[in-house]
Amino acid sequence: GESVGLHLPTLSVQEGDNSIINCAYSNSASDYFIWYKQESGKGPQFIIDIRSNMDKRQGQRVTVLLNKTVKHLSLQIAATQPGDSAVYFCAERKGGSEKLVFGKGTKLTVNP
Amino acid sequence: DAGVIQSPRHEVTEMGQEVTLRCKPISGHDYLFWYRQTMMRGLELLIYFNNNVPIDDSGMPEDRFSAKMPNASFSTLKIQPSEPRDSAVYFCASSSNYGYTFGSGTRLTVV
């Protein structure tokens, strides 16, 4: 069935280090993926997205990698800052549908 | 653009009471989604609309939940009667094919 899961529920890094957050998905029919950041008391905030016809996309300090062979998605944050501390969710959308299915989330803590 | 606007931000109600949550999507977005977030179950899709028409309500927990979208700029999620297990944060999101934007959510507490 459809499921989106995360390998690590928590991740702690030092300020200035690079962070990598991983996500596994099981639906090979998914054609669109999004990473969201959620701070306490706020709604999920769009970070970066990628379509299934790509394997890498870069934004400002963030990079998303998609490996369709092993159904794996990752979010890389360069030079992690305290303001990056939040819960990060990956979400997938199955082709032909607008339903966005979310993973459980990874809590990123950046230590100064 | 003010983004997706939800009201109220917080709602505390007694078990058995009717609760109505409201959402104003981003102008021009033709999809609207209602999600529920709990610690145990994470973010769950309840229902979504396309051009004001409900497309998939398979995530609606039971008949106590109903959602409407009378026009392109307004949607409601109603719970009647409410129960303590309905306590959660309810998010509305809107999109136009790509880039789903979420509101700030309504934190519902049913006592």
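The values are calculated or read from the model by the stated rules, or taken from the named source; none is laboratory data. The structure presented is a predicted model; accordingly, all values stated were derived computationally and were not measured. For neighbour counting, all protein chains shown are included, and Cβ atoms are generated from backbone atoms with ideal geometry for every residue, glycine included. Side chains included, ligands, DNA and RNA excluded: accessible areas come from the protein's heavy atoms. Shrake-Rupley method; radii C 1.70, N 1.55, O 1.52, S 1.80 Å.
Roughly how many Å is it from the Cα centre of segment B:27-55 to that of segment A:39-112, as a whole number?
If we compute the Cα centre of each part, the gap is 19 Å.
Please state the charge dipole magnitude for segment B:1-109, taken about the Cα centre, from unit charges on C-beta atoms (+1 on K and R, -1 on D and E), reported in debye and rounded to the nearest 20.
240 debye
Over the residues of the protein assembly as shown, compute the C-alpha Rg and express it relative to 2.2 N^0.38 Å.
The reported ratio for this selection is 1.02.
Solvent-accessible area per residue for chain A at a 1.4 Å probe radius, Å²?
49 Å²
Whole-Å semi-axes of segment B:34-111's equivalent ellipsoid, largest first, each the root of 5 times a Cα gyration tensor eigenvalue?
21, 15, 11
Among the DSSP beta bridges whose two residues both lie in chain B, what percent are antiparallel, rounded to the nearest 5?
Close to 90 percent.
Excluding residues on the same chain fewer than 8 positions from A:K104, give the aspartates and glutamates whose Cα lies under 20 Å from its Cα.
Filter leaves A:E2, A:D31, A:E39, A:D49, A:D84, A:E92, B:E44, B:D86.
If the limit is 31 Å between Cα atoms, which of A:K42/B:K78; A:K94/B:K78; A:K56/B:K24 go over it?
A:K56/B:K24
Per residue, how large is the accessible surface of segment B:46-111? Use a 1.4 angstrom probe and give square angstrom.
Each residue of segment B:46-111 exposes 43 Å² on average to a 1.4 Å probe.
Could you compute how much accessible area chains A and B hide from each other, both sides summed, with a 1.4 Å probe? Nearest 100 Å² is fine.
That pair hides around 1600 Å² of surface in total.
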